[in-house]
Amino acid sequence: SQWDSEIEHFAAGFNYGRFSDVTEKSKQCEITCYTNEKLSDALLTVRRILEENRDQQADLMLMPQELTTDGIGKNAAIESRNAYEVFNHFFGEIPIRNINISQQPQVSIAASWPTLIFLPFTAFYDESVRQRLFEPVIGLRDYGEWEFYHEGVASHEIAHQWWAHSVMTSSYHDAWLNEGFATYSEALHLQVTKGTDDFKRYMRNLRRQVFSDVGNGMSLAELGPIWLGVRLSSLDIPQGRHLIYVKGAYVLHMLRMMLFDYSKKSDECFIKMMKDYVRTYTGKVATTEDFKNVVEKHFDRSMDWFFDQWVYGTEIPIYSFNYDIEEAGGDYFLTITALQNNVSSSFEMPIPFVVNFKNGHAVVHLTLKGNEAMAKQFHLPQEPISIEANPWNAVLCTIVQ
């Protein structure tokens with residue numbers, strides 16, 4: 001066989017075996033999924049049990065004929081094609097347009113190579129079948145966490161065709177540009193295909209992981225800056241590198257939210273920035289500073305403060321807010337008093353607030369610096385009925401009452 005690429009790559013992956021295949025095409029891409037002709041040993045065991053025991057079928061709500069690989073490749077191909085189209089919209093075109101997706105027998109391991117993706121066989125089944133297979137086949141009990149992984153594994157690996165295989169990175173210091181961006185790509189795919197509620201749920205889960213306990217009285221976020229890459233892991237805390245996935249995703253999310261036009265509900269500025277980055281560095285090696293230069297171009301100002309805090313630093317703020325509403329002569333005035341804690345005196349961050357009215361809403365911003373309280377008054381067009389601080393989890397933080 002012959003394998004060709006329009007751009008140079010540091011590595012290539014191949015898979016071999018007896019497969020059935022199905023292809024999904026669009027104007028942007030062609031996705032071919034390969035499924036094993038034979039079931040794995042684990043699935044063969046479950047199928048035999050189901051065939052011999054009707055009570056087990058009822059308990060699991062699963063029929064033996066559901067445990068086949070015929071046809072399931074089409075679902076994976078459609079999902080992967082949709083993910084490609086979402087990323088093409090947000091990030092722009094790349095040279096890689098033909099992608100092959102292959103099953104592999106592990107349940108929690110995936111890998112992305114240029115034009116070739118390995119997915120766990122469980123990713124080819126829909127959520128209902130996975131849930132019923134989860135305990136009897138896999139033997140694990142934390143279904144929610146396991147399903148969270150499967151919910152985004154295909155789109156994550158598709159995203160690596162942008163982040164790693166089209167735009168390459170210089171060293172382990174820049175690995176967050178690959179894994180963090182691919183993780184946030186999962187969130188964008190969820191937002192487009194399943195809606196805002198699923199997107200917000202996903203971001204809450206990422207935040208929970210950032211603050212998760214890794215032992216020795218430390219959270220994942222406290223291990224070090226994401227710029228350290230794989231060096232965040234150690235023999236005592238091997239999962240440390242996971243921070244580049246979850247906090248790296250949040251860094252991109254915060255940049256998106258600072259560029260977001262709340263009045264038009266538009267991502268136009270964010271999309272322009274990401275397409276510029278992809279267009280500039282496709283087929284090239286990019287560093288964190290290269291990405292920062294693109295960000296500064298689209299923010300039209302120095303972004304040293306942001307990268308020093310969120311990429312090269314470890315501080316995460318804690319906020320408390322109070323609101324006072326006054327009416328005078330038919331006009332309404334909102335005073336927001338805010339306190340930022342748990343950061344150094346130079347730490348600054350703009351916080352958005354959505355003010356909801358009976359008809360419509362308005363968005364106001366308050367930029368806090370250091371650990372001192374700040375108050376600011378806003379003139380409102382009508383009487384507010386509610387105020388939401390930090391909508392869309394726009395800033396990685398903790399809010400206390």
Top mean-square fluctuation among E151, E51, E222, Gaussian network model of the chain, C-alpha springs under 10 Å? E51
Would you grab the residues whose amide H sits under 5 Å from the one on I399? Only those 5+ places off in sequence or on another chain, please, with H modelled 1.01 Å from N. Y319
Please turn the phi angles of region 359-372 into ³J(HN,Hα) values with the Karplus equation 6.51 cos²θ - 1.76 cosθ + 1.60 (θ = phi - 60°), one per residue in order, whole Hz, x for glycine and proline. 10, x, 7, 9, 10, 10, 10, 9, 9, 9, 9, x, 10, 9
Using the alpha carbon gyration tensor of region 168-310, what are the three equivalent-ellipsoid semi-axes (square root of 5 times each eigenvalue), largest first, in whole Å? 25, 20, 13
So what does log10 I(q)/I(0) come out to for region 318-400 at q = 0.16, 0.23, 0.25 Å⁻¹, using the Debye formula with one equal point on every Cα and no solvent? -0.61, -1.10, -1.24
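Taking neighbour counts of Cβ atoms within 10 Å as a proxy for exposure, in what order, fewest first, do F211, F118, F87 appear? Mind showing how you got there, number by number?
On the way: F211 14, F118 19, F87 26.
Ordered from fewest to most neighbouring Cβ atoms within 10 Å, F211, F118, F87 come out as F211, F118, F87.
Once you wrap a convex hull around the alpha carbon atoms of region 19-140, what is its projected area averaged over all directions, in nm²?
Numbers: hull surface 31.4 nm².
About 7.8 nm², averaged over all directions.
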Show which aspartates and glutamates lie in cross-link reach of K376 when reach means a straight Cα distance below 19 angstrom and same-chain residues fewer than eight apart are skipped. D324, E326, E327, D331, E348, E388
Summing Lys, Arg as +1 and Asp, Glu as -1, what charge do residues with Cβ under 15 Å from the Cβ of I325 carry, I325 excluded? -4
Whole-Hz couplings from phi, Karplus 6.51/-1.76/1.60, listed for region 337-343; x for Gly and Pro: 10, 10, 10, 10, 10, 6, 9
Take the alpha-carbon centre of region 238-270, take the same for region 50-91, and report the distance between them in whole Å. 30 Å
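Taking the Cβ of D290 as the centre, find all other residues whose Cβ is under 12 Å away and add up their charges (Lys, Arg: +1; Asp, Glu: -1). Could the numbers behind the result be given before it?
Values: positive: K284, K292, K297; negative: D174, D276, E289, E296.
Summing Lys/Arg as +1 and Asp/Glu as -1 gives -1.
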Residues Y319, Y84 in order from fewest to most other beta-carbon atoms within 10 Å are Y319, Y84
Just the number, please: Stokes-Einstein D of the chain in µm²/s, Kirkwood Rh from C-alpha pairs, 25 °C, 0.890 mPa s. 105 µm²/s
Which distance in nm do the two modelled labels at K27 and S302 give, with both placed 7 Å along the Cα-to-Cβ direction? 4.4 nm
Which distance in nm do the two modelled labels at L39 and I237 give, with both placed 7 Å along the Cα-to-Cβ direction? 4.3 nm
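Exposure proxy check: S108, S233 ranked by fewest other beta carbons within 10 Å?
Values: S108 13, S233 17.
Fewest to most other Cβ atoms nearby, the residues stand as S108, S233.
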Using amide H atoms built 1.01 Å from N in the peptide plane, name the residues 5+ places from I316, or on other chains, whose amide H lies under 5 Å from its own. none
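Find, among the trypsin sites (Lys or Arg not before Pro) in region 201-271, those assigned to loop by DSSP (not H, G, I, E, B) with at most 15 other beta-carbon atoms within 10 angstrom. Let's see the in-between values first.
Details: sites: R201, R204, R207, R208, R231, R241, K247, R256, K264, K265; in loops: K264, K265.
Sites meeting the loop and neighbour criteria: K264, K265.
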Computed lengthening from E315 to E327, 0.36 nm per intervening residue step minus Cα-Cα distance: 0.5 nm
Rh_Kirkwood(region 192-238) over Cα pairs, Å, one decimal, evaluates to 12.4 Å
Restricting to aspartates and glutamates and to Cα separations under 19 Å from K25, and discarding same-chain partners fewer than 8 apart, the set is E79, E85, E93, E157
Please check: in the Gaussian network model of the chain (C-alpha springs, under 10 Å), which one of T183, T337, T288 has the largest mean-square fluctuation. T337
For K38, give me every one of the lysines with a C-alpha distance below 20 angstrom, ignoring sequence neighbours fewer than eight places off in its own chain. K74
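With 18 Å as the limit, write out which pairs from K194/K358; K27/K200; K272/K297; K200/K292 have Cα-Cα distances beyond it, or answer none. Numbers along the way, then the final one.
Working: K194/K358 28 Å; K27/K200 30 Å; K272/K297 11 Å; K200/K292 26 Å.
Going by Cα-Cα distance, K194/K358; K27/K200; K200/K292 fall outside the 18 Å limit.
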C-alpha center-to-center spacing [region 300-356, region 94-111] in angstrom: 41 Å
Once phi for every residue in region 309-326 is put through the Karplus expression 6.51 cos²θ - 1.76 cosθ + 1.60 (θ = phi - 60°), the whole-Hz ³J(HN,Hα) values, with Gly and Pro written as x, are 6, 9, 9, 9, x, 10, 6, 10, x, 10, 10, 9, 10, 10, 10, 10, 10, 10
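Read the figures in this text as sums done on the coordinates, not as results from a lab. All of these numbers come straight from a predicted model, not from anything done at the bench. All Cβ positions, even for glycine, are placed from backbone atoms using ideal geometry, and neighbour counts span all protein chains on display.
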